[in-house]
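Worksheet: one structure, shown below.
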Amino acid sequence: MPTSHFAGREKVTTLTLKAKKMRGEPITMLTAYDYPTALALDHAAIDSILVGDSLGMVVLGYETTLSVTMDDMLHHCKAVARGARIAHLIGDMPFMSYQVSTAEAVRNAGRFLQEAGMDAVKLEGGRDVAPAIEAIVAAGIPVMGHLGLIPQSIRKLGGWKVQATSAASARGMMEDAHVLENAGCYAVILEAIPDRVAELITQRLHIPVIGIGAGAHCDGQVLVSNDLLGSFDRFTPRFAKKYADLRAVMEQAFLAYVDDVVARRFPAPEHSYHINDEEFEALLLDLRMKPRNWQVI
Ligand code: KIV
């Protein structure tokens, strides 16, 4: 791994993110679920990598994030931790890993740091999950909150809808944001809410606010990498900017490979390993075959 990408760069921590908010410098965050993506993000000097439970939809092919398990999350967090040295790493706590009891929430949160090499965990919800957040933070584990269109509550929300669009619901979300800060969250994600509501929350909180579909005035931005790369096109939210069309690139490459194999253009000599003539003739002799026409003697 070339060291130049890392020269002068130190591991990003919760304090680094807070300092960026204080200085008014945008915080960058993207999701990753595997080793090569984590390596590439680290080389791109991303501040933070979220191993999101969006894993379930964009990598594992589930309809929603509700099917994602602790085992799924830990498996992919470990791969990401092997690839990223500098970025701050956040593991997303899956559905039902923190809702049943605070004891279970703490135990599961601990596994992200102890077994999977994460620096922090994220969980979804407002005042309802404050007791779990307090208990996890009390165990020494940094917690990132997540408000707005929270996919684990998709059944309750009734679909993928923009949140906090009325004065009352925006007010409720602002209160929830303060509850999360007071419960000990070091940062909070706002998903799919109006930009001016997100701006108000960003101004009022002391902790970094990271937006996804929450306008340009948050302290930082996060996207699902597969949306940005164009490698998942089953459902692309309006807020996702597509920087590449990897799906098309992949399909073209796969088609070209199939064509090459069918037409016997692949593998070419440069893709094959070669034994020298002397050794090969000795082998044929050993097999009692004639060197030239390969017939049995
Ligand atoms: O799971 C995820 O990727 C997320 C982001 C969309 C914030 O929670």
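The stretch between residue 204 and residue 289 holds 22.2 nm of extra length on full extension. This uses 0.36 nm per residue minus the Cα-Cα distance.
For residue 214, neighbours were defined as the other residues whose beta-carbon sits under 13 Å from its Cβ, and their charges (Lys and Arg +1, Asp and Glu -1) total -2. First check a/c for segment 132-187, with a ≥ b ≥ c the square roots of the eigenvalues of its C-alpha gyration tensor; if it is under 1.5, answer rounded, and if not, answer prolate when a/b is larger than b/c or oblate otherwise. Oblate. Computed across the chain, the Kirkwood hydrodynamic radius from all distinct Cα-Cα pairs reaches 21.4 Å.
If R₀ is 25 angstrom, what is the calculated FRET efficiency for the pair residue 45 and residue 217, using the beta carbon separation as r and rounding to 0.05? Result of the calculation: an efficiency of 0.65. Solvent-accessible area of residue 185, all protein chains in place: 0 Å² (probe radius 1.4 Å, heavy atoms, ligands and nucleic acids excluded).
Spacing of the modelled spin labels on residue 259 and residue 244, each 7 Å from Cα toward Cβ, amounts to 2.2 nm.
Sketch the reach of a paramagnetic label on residue 71 as a point 7 Å from Cα along Cα-to-Cβ, and name the residues of segment 84-109 whose backbone nitrogen lies under 17 Å away. Within reach of a label on residue 71: 94-97, 108.
A helix-only calculation puts the chain at -12000 deg cm²/dmol for mean residue ellipticity at 222 nm, using -39500 (n - 2.57) for each DSSP H run of at least four residues, averaged over all residues.
Potential lengthening of the chain between residue 162 and residue 34 amounts to 43.1 nm, from the contour at 0.36 nm per residue minus the alpha-carbon distance.
Bridgeable aspartates and glutamates around residue 20 (alpha carbons under 13 Å apart, same-chain partners fewer than 8 residues away excluded): 47, 219.
Surface composition of segment 1-105: carbon and sulfur make up 58 percent of the accessible area, probe 1.4 Å. Counting only protein heavy atoms and using a 1.4 Å probe, the accessible area of residue 169 comes to about 50 Å². Starting from the Cα gyration tensor of segment 91-230, take the square roots of the eigenvalues, sort them a ≥ b ≥ c, and report rounded, prolate or oblate (rounded when a/c is under 1.5, otherwise prolate if a/b is larger than b/c, else oblate). Note, shape of segment 91-230 comes out prolate. Packing order of peptides 12-21, 272-281, highest average first: 12-21, 272-281 (average count of other Cβ atoms within 10 Å over each peptide's residues).
The values are calculated or read from the model by the stated rules, or taken from the named source; none is laboratory data. In this text, all values refer to a predicted model and were calculated from it rather than measured experimentally. We place every Cβ from the backbone using ideal geometry, glycine too, and count neighbours over all the protein chains shown. Side chains are part of the model used for accessible areas, which takes the heavy atoms of the whole protein and leaves out ligands, DNA and RNA. Shrake-Rupley method; radii C 1.70, N 1.55, O 1.52, S 1.80 Å.
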